Amino acid sequence: DRLLGGLLAEVSSEEDFTGKSGQSTVLRLPGLGSKRVGLMGLGQSASSPSAFRGLGEAVAAAAKTAQANSVAVVLASSEGLSNESKLGIASAIASGAVLGIHEDNRYKSESKKPQLKSLDILGLGTGPELEKKLKYAEDVSSAIVFGRELVNSPANVLTPAALAEEASKIASSYSDVISANILTAEQCKELKMGSYLGVAAASDNPPYFIHLCYKPLSGPIKAKLALVGKGLTFDSGGYNIKTGPGCSIDVMKIDMGGSAAVLGSAKALGQIKPPGVEVHFIVASCENMISGTGMRPGDILTASNGKTIEVNNTDAEGRLTLADALVYACNQGVEKIVDLATLTGACIVALGPSIAGVFTPSDELAKEVFEASEISGEKFWRMPLEESYWESMKSGVADMVNTGGRPGGAITAALFLKQFVDEKVQWMHIDLAGPVWNEKKRIATGFGVSTLVEWVLKNSS
């Protein structure tokens with residue numbers, strides 16, 4: 001401002017720029033060495049990673065508009081910040097910029113490539129510690145982009161076979177630490193996965209059960225974890241076909257959003273290689289379609305733990321695939337399981353489009369994941385697992401029905417999943433039906449990846 005003779009102060013008062021979060025103004029200035037100077041608002045007390053990630057995204061948006069090749073970011077006041085804070089802020093700005101510049105143009109006939117080649121972050125330090133932090137931000141951001149692109153891919157491109165192929169590619173890229181085991185329908189039948197195979201039965205695209213396993217390069221393993229993701233590459237609703245306004249059948253390619261978070265975190269962890277922790281990434285992938293071989297309302301399925309399910313709604317299919325995936329995860333000898341699923345519209349009704357619902361009987365696991373989310377900046381809210389609601393899930397002819405009607409629909413869905421988890425295993429269910437998709441921009445968000453990676457690192461030695 002001093003160099004510009006008070007111009008920035010003048011502009012901010014004239015244009016009513018108060019530095020509120022989301023405000024910005026960009027000035028074109030000849031003869032200064034840089035073509036433009038922009039002011040970006042951060043709000044009164046910006047301290048969260050998401051505020052600085054938002055700054056990075058705003059910078060990327062301004063760079064896109066100006067078709068800029070290089071950008072420098074400086075905080076108007078960075079005095080009094082601890083070294084730790086500076087590292088965190090720099091990496092949040094960097095990841096925001098990387099995610100902000102990303103555009104998924106794979107399916108467009110014409111597309112502009114972003115011009116931005118370099119981003120300089122000034123006044124927040126230098127050195128190996130910062131380099132390490134920025135490398136981590138880069139690894140996680142590229143995994144989020146990978147997750148977004150999986151969800152954005154239409155169902156005619158991303159079939160269960162294509163999703164399994166993407167998982168296999170991760171394993172071959174990081175073969176020093178990740179192995180893959182992809183099971184066919186025949187192998188799943190041998191494992192008695194009747195619940196999962198019931199959902200897959202109507203589609204011409206065969207199902208694939210994906211199991212990746214991360215093991216560190218060396219040293220003892222102190223924690224065994226599983227990440228389980230719902231992997232419905234398309235969901236028509238089956239015979240309870242999705243109809244009417246708000247049924248969202250046109251975006252049901254997003255029904256594998258949970259698996260995108262799980263495979264995205266596998267990609268990041270393959271790059272980061274944390275010690276002391278073994279992680280199983282599990283996805284029972286298939287399509288929920290309609291045909292003469294498809295499951296009907298009223299059918300009874302038997303899951304791999306022997307429990308029987310009367311299907312009273314073929315559109316509550318995600319939980320049927322997760323049932324066998326959770327049994328399989330428990331059989332890997334893990335101590336903790338986090339499952340992620342675009343499971344219920346009820347969760348969006350309860351929490352809106354940008355907050356995921358968390359269900360777990362374990363306070364300890366809740367604490368771990370919420371601490372991880374504070375670093376990632378993703379929004380979660382813990383919901384009750386009200387056992388008395390299980391009454392609505394009783395069947396007259398089988399152990400349970402697969403849906404308990406409208407009241408508390410996200411809770412009864414979580415209670416259903418709980419039937420397939422070993423009591424000795426700490427378990428959490430995350431319903432990310434809302435935040436996995438940005439309705440306004442009609443693109444995927446990559447939600448879940450950064451929190452999962454942070455959580456795994458918390459469990460790493």
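The values are calculated or read from the model by the stated rules, or taken from the named source; none is laboratory data. Everything quoted here is computed from the prediction, not taken from an experiment. Heads up, the Cβs are rebuilt from the backbone with ideal geometry, glycines too, and the neighbour counts pull from every protein chain shown. Heavy atoms of the whole protein, side chains included, go into the accessibility calculation; ligands, DNA and RNA do not. Shrake-Rupley method; radii C 1.70, N 1.55, O 1.52, S 1.80 Å.
A few comments on the model shown:
- Any chance E166 is part of a helix (DSSP H, G or I), surrounded by 14 or more Cβ atoms within 10 Å (Cβ to Cβ) and not polar (S, T, N, Q): yes
- The residues of the stretch 96-113 that are open to solvent by 60 Å² or more (accessible area, probe 1.4 Å), out of contact with any Ser or Thr (no Cβ under 6 Å at 6 or more places or on another chain) and not small (G, A, S), listed by number, are E103, R106, Y107, K108, E110, K112, K113.
- Set Y208, Y239: member being open to solvent by 50 Å² or more (accessible area, probe 1.4 Å), touching a strand residue (DSSP E or B) at 6+ places or on another chain (Cβ under 6 Å) and aromatic (F, W, Y): Y208
- When G22 is tested against (1) loosely packed, with under 13 Cβ neighbours inside 10 Å; (2) in a strand (DSSP E or B), only condition (2) is not met.
- From the list K230, K133, the lone residue that is more than 23 Å from A329 (Cα to Cα), in contact with a helix residue (DSSP H, G or I) (Cβ under 8 Å, 6 or more places away or on another chain) and among the charged types (D, E, K, R) is K133.
- Selection within the stretch 149-163 - open to solvent by less than 40 Å² (accessible area, probe 1.4 Å), assigned to a helix (DSSP H, G or I) and either outside the structural domain of K215 (by the TED database) or touching a Lys or Arg at 6+ places or on another chain (Cβ under 9 Å) (or both): V151, N152
- Any hit, the stretch 61-78, residues being within 24 Å of the chain's Cα centre (by Cα) and modelled with pLDDT under 95: yes
- Considering residues of the stretch 373-387 that are farther than 18 Å from T445 by Cα and open to solvent by less than 70 Å² (accessible area, probe 1.4 Å) only, the residue farthest from the chain's Cα centre (by Cα): L385
Residue-by-condition table, conditions (1) touching a residue at least 40 places away in the same chain (Cβ under 8 Å); (2) more than 21 Å from K441 (Cβ to Cβ); (3) open to solvent by 70 Å² or more (accessible area, probe 1.4 Å):
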{"position": "L4", "(1), (2), (3)": "no, yes, no"}
{"position": "L8", "(1), (2), (3)": "no, yes, no"}
{"position": "V11", "(1), (2), (3)": "no, yes, no"}
{"position": "E14", "(1), (2), (3)": "no, yes, yes"}
{"position": "T18", "(1), (2), (3)": "no, yes, yes"}
{"position": "S50", "(1), (2), (3)": "yes, no, no"}
{"position": "A61", "(1), (2), (3)": "no, no, no"}
{"position": "S77", "(1), (2), (3)": "no, yes, yes"}
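- Some residue of the stretch 310-327 being open to solvent by less than 40 Å² (accessible area, probe 1.4 Å), part of a loop (DSSP other than H, G, I, E, B), touching a Leu at 6+ places or on another chain (Cβ under 7 Å) and among the hydrophobic types (A, V, I, L, M, F, W, C): yes
- Look at the stretch 179-193: where a residue is farther than 10 Å from A284 by Cα and a partner is among the basic types (K, R), sitting 6+ places away or on another chain with Cβ atoms under 8 Å, you get S179/K215.
- Selection from the stretch 175-231 of residues that are under 23 Å from L269 (Cα atoms) and part of a loop (DSSP other than H, G, I, E, B): S175, D176, V177, K215, P216, L217, S218, G219, P220, I221, K222
- Matching option when the condition is open to solvent by less than 20 Å² (accessible area, probe 1.4 Å) and of a type outside the set (V, I, T), among W455, W437: W455
Every residue, every condition in (1) modelled with pLDDT under 95; (2) hydrophobic (A, V, I, L, M, F, W, C); (3) within 22 Å of A268 (Cα to Cα), yes or no:
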{"position": "V327", "(1), (2), (3)": "no, yes, no"}
{"position": "D339", "(1), (2), (3)": "no, no, yes"}
{"position": "A346", "(1), (2), (3)": "no, yes, no"}
{"position": "L351", "(1), (2), (3)": "no, yes, no"}
{"position": "D363", "(1), (2), (3)": "no, no, no"}
{"position": "A366", "(1), (2), (3)": "no, yes, no"}
{"position": "W381", "(1), (2), (3)": "no, yes, no"}
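- Residue check for L343: part of a loop (DSSP other than H, G, I, E, B) and either under 14 Å from W427 (Cα atoms) or touching a strand residue (DSSP E or B) at 6+ places or on another chain (Cβ under 8 Å) (or both): yes
- The single residue among K253, K222 that is within 22 Å of I337 (Cα to Cα), assigned by the TED database to the domain that holds T344, open to solvent by 10 Å² or more (accessible area, probe 1.4 Å) and at pLDDT 95 or above turns out to be K222.
- Residue count, the stretch 169-195 (criterion: over 17 Å from P216 (Cα atoms) and either of a type outside the set (A, V, I, L, M, F, W, C) or open to solvent by 40 Å² or more (accessible area, probe 1.4 Å) (or both)): 12
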